[in-house]
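Here is the structure we will look at.
FYI, it's all coordinate maths here, none of it is from the lab. What you are looking at is a predicted structure, and each value in this text was computed from that prediction instead of being measured. In this analysis, Cβ positions are derived from the backbone assuming ideal geometry, glycine residues included, and neighbour counts consider all displayed protein chains.
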Amino acid sequence: MTPQPQLNILIVEDEDATRFLCETLLKQEGYFVASVATLQQGQEQLAQTRFDLLLLDLNLPDADGLQLA
């Protein structure tokens, strides 16, 4: 079987348990995962790293998650 390229995923989720669960499951599958709790932190991550996929909470405490997309 040909190895799959490692994808970079950013999770933006303010609920700690949900963020931790998503991050843990994705890392177990071999993905590189960065996770943050606020829109501002997400913007900072996007400025530093190219991500292949964004998983966004639509109801963040500091803004609407769609503003990051």
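Points to keep in mind about this one:
- Computed extension length for D64-T18: 14.8 nm, one decimal, from 0.36 nm per residue of separation with the Cα-Cα distance subtracted.
- Packing-based ranking of 20-26, 32-38 yields 32-38, 20-26, ordered from highest to lowest mean Cβ neighbour count within 10 Å.
- Cβ-placed point charges (K, R +1; D, E -1), dipole of segment 8-54 about Cα centre in debye, nearest 20: 180 debye
- Q28/L54 FRET efficiency (R0 25 Å; Cβ-Cβ; nearest 0.05): 0.80
- Positive-end residue of L10, F32, L21, charge dipole of segment 8-54 with Cβ unit charges: F32
- I11 long-range amide H proximity, modeled H, under 5 Å: A34, S35, V36, L55
- Given (1) 22, 14, 8; (2) 16, 15, 11; (3) 43, 19, 8, the label whose value is semi-axes √(5λ) of the Cα gyration tensor in Å derived from this model: (1)
- Computed from Cα atoms, the angle from the helix 39-48 axis to the main principal axis of the chain rounds to 40 degrees.
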